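Coordinate-derived values only; no laboratory data. The shown structure was predicted, so the numbers you read here are calculated from the model rather than taken from an experiment. Note: ideal-geometry Cβ built from the backbone for every residue, glycine included; neighbour counts use all protein chains shown.
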Amino acid sequence: MDRRDFLKKSALAAGIGLAASELPGAESLAAGKQDPRITSRLKAKGWIREPARKIPLVAEAEVVIAGGGAAGVAAAIAAARQGADVLLLERSAFLGGLWLGGLVLPVLSTHGVGRDGSWQKVIHGFCSDLYSRLDEMGMVINPKNPTPDPEACKYLLDRMLEEHGVRVLYHVLACGVVKSADRISSLILETKSGRVAVGGKVFIDCSGDGDIFANAGEDYTEMKYHIGAMWRVGNAANLKKGIRTPIEGVKIFHTRGEEDQDGLDMFNLSRLQIKLRKEMWDKTMQARQMPGGENVFLLETPPLLGVRVTRILSSVHNVTLEDSMNYVSYEDSIGMSGGSDTIVYRGRKVKAGERPVWQIPYRSLVPRKCPNLLVAGRCFGFDEGLAWDAREVGTCFVTGQAAGTAAGIAALDRCAVSAVDTNKLKKSLIEQNVML
């Protein structure tokens, strides 16, 4: 029996095709049970009870990934390279998540100071693969902090997933999980086709906000940061202000937004969306009064709001700022990252150019409870001091590629994610040009 026949027969034995409430031992936090950790931020005017209903299971895969941002795309391709059947779920109409949808285009945290004091590039792997192809297209600038054209990158990501045989579902929001004992058996999706379910063997939470691990009952912390926005302006070649892009005359502007904001509060997000859209328009009009900005125009506001950090997984081991500043080594290292901005460490300001390179342990992607779930992107396990670099696009590529590789191994070896042979994992990552 090959692994796909095994998956199909196992799925039938588990009762796939029945309503979530009919699955043996299943628990669905989306089907009537309210999780106070998820709902407590909103003041309820009352409660309604959703009637029980059967939900069609419309797709299955060996690896199912929630979220098609930087981490999700890297995870999908890495899992496919292991030979796994992969399904990638994305709520928007494009891949790239906040990186491309938020127009946060420069890929940061790619460099840092090595043990020998030299300035080192430590993020390679998928990030370098993508950069090389964008460079061939003439659609990326700045090798240190690669800055692509977002539309070219969206196009290329579609092509790369297609080349690796990854199935992509757009316009779907993963809103709940169905569990059998402690394992996730399927995800509940809200779609224009109605509420549906997709089944899987191993799942990866690349949602950015920890939507899957929160619904699965994992422990986590929450962080509040400033929520701002970046936007593109045209005819800005002669304007000193702004960040260059690969398209001549197009630059990115940035507004920091409000401090200490809850990125999981729908009322707050709606308020900020309206406020920031006005601010982007007003600042663009102000730029027209600057020297060289006479013909500037608002080219694009970001499809996604600039939410930086929300839920953070309480993983088997959360990597810390202290670890990152002292070259702590891990036997289960799955990649490295660098520094992107000035931080305060032991009361002293440390500039980005002084930041050490730091390792990311596999354990920081592994939840404590669910044996078939991994986490990558800005919600994997780290402490608040490291939030600035751990959430950056470069780091998301690293954690995504590692999580996808590990998920592929776990699915095909039929083992829990915590039981993945880390020597086998590291060997595969090295073959993919990842610097450990």
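Descriptive notes on the structure:
- About the Cα centre, charge dipole magnitude for the stretch 225-300 (Lys/Arg +1, Asp/Glu -1 at Cβ), debye: 340
- A Förster distance of 22 Å, applied to the separation of the beta-carbon atoms of R277 and R195, puts the FRET efficiency at 0.10.
- What separates the Cα centres of the stretch 321-349 and the stretch 373-410 is a distance of 15 Å.
- Between helix 150-163 and the chain there is an angle of about 30 degrees, using the helix long axis and the longest principal axis of the Cα atoms.
- Kirkwood Rh in Å, taken over all unlike Cα pairs in the stretch 225-300: 13.1
- With distances taken between every two different alpha-carbon atoms, the stretch 117-172 has a Kirkwood hydrodynamic radius of 12.8 Å.
- Neighbour-limited loop hits for GluC sites (Glu not before Pro), the stretch 266-324 (at most 12 other Cβ within 10 Å; DSSP other than H, G, I, E, B): E294
- E163-K45 FRET efficiency (beta carbon distance; Förster radius 56 Å; 0.05 resolution): 0.65
- Three principal axis lengths of the stretch 154-221 [C-alpha, angstrom, descending]: 37, 29, 21
- Residue-span extension gain [Y170 to K369] - 0.36 nm each, minus C-alpha spacing: 68.7 nm
- Exposure proxy ranking, count of Cβ atoms within 10 Å, fewest first, for R195, R81, R391: R195, R81, R391
- Tilt relative to the chain, helix 393-413 - C-alpha long axis, 0 to 90 degrees, to 10: 20
- Sorted on the mean count of surrounding Cβ atoms within 10 Å across their residues, most packed first, peptides 87-98, 158-169, 173-184, 196-207 read 196-207, 87-98, 173-184, 158-169.
- In the stretch 225-300, Cα pairs under 8 Å separated by at least six residues give a relative contact order of 40 percent.
- For M266, net neighbour charge (Lys/Arg +1, Asp/Glu -1) across residues whose Cβ lies under 13 Å away: 0
- Size estimate for the stretch 305-350 follows the Kirkwood approach: the inverse of mean 1/r over distinct Cα pairs works out to 13.2 Å.
- In summary, the stretch 272-333 shows an alpha-carbon radius of gyration equal to 1.98 times the 2.2 N^0.38 Å reference for compact globular proteins.
- Stokes-Einstein diffusion coefficient of the chain, Kirkwood radius over Cα pairs, 25 °C, 0.890 mPa s, in µm²/s: 110
- Sorted peptide list for 48-56, 104-112, 282-290, criterion being average Cβ within 10 angstrom, highest first: 104-112, 282-290, 48-56
- Figure legend: label point modelled 7 angstrom from the Cα of I430 along Cα→Cβ; residues of the stretch 75-116 with amide N under 20 Å from it are 78-79, 81-82, 115.
- Other residues lying with their Cβ under 13 Å from the Cβ of L108 contribute a combined charge of +3, Lys and Arg counting +1, Asp and Glu -1.
- Cβ-based net charge around A390, under 14 Å, with every Lys or Arg adding one and every Asp or Glu removing one: -2
- Here the relative contact order of the chain, from alpha carbon pairs under 8 Å that lie six or more residues apart, stands at 22 percent.
- Residues of the stretch 393-436 with amide N under 18 Å of a point placed 7 Å along Cα→Cβ from V350: 395
- Over 30 Å between alpha carbons, listed pairs K201/K424; K201/K427; K121/K275; K154/K369; K144/K275: K121/K275; K154/K369; K144/K275
- For Y345, the amide hydrogen comes within under 5 Å of the amide hydrogens of V350, counting only partners 5 or more places away or on other chains and with H modelled in the peptide plane.
- Debye log10 I(q)/I(0) at q = 0.18, 0.21 Å⁻¹ for the stretch 283-402, Cα point scatterers: -0.90, -1.11
- DSSP beta bridge pairing in the chain, given as percent antiparallel to the nearest 5: 65
- Here V328 and E136 are evaluated by their C-beta separation; at R0 = 35 Å the FRET efficiency comes out at 0.40.
- On Cα atoms only, tilt of 3-13 relative to the major axis of the chain in degrees: 60
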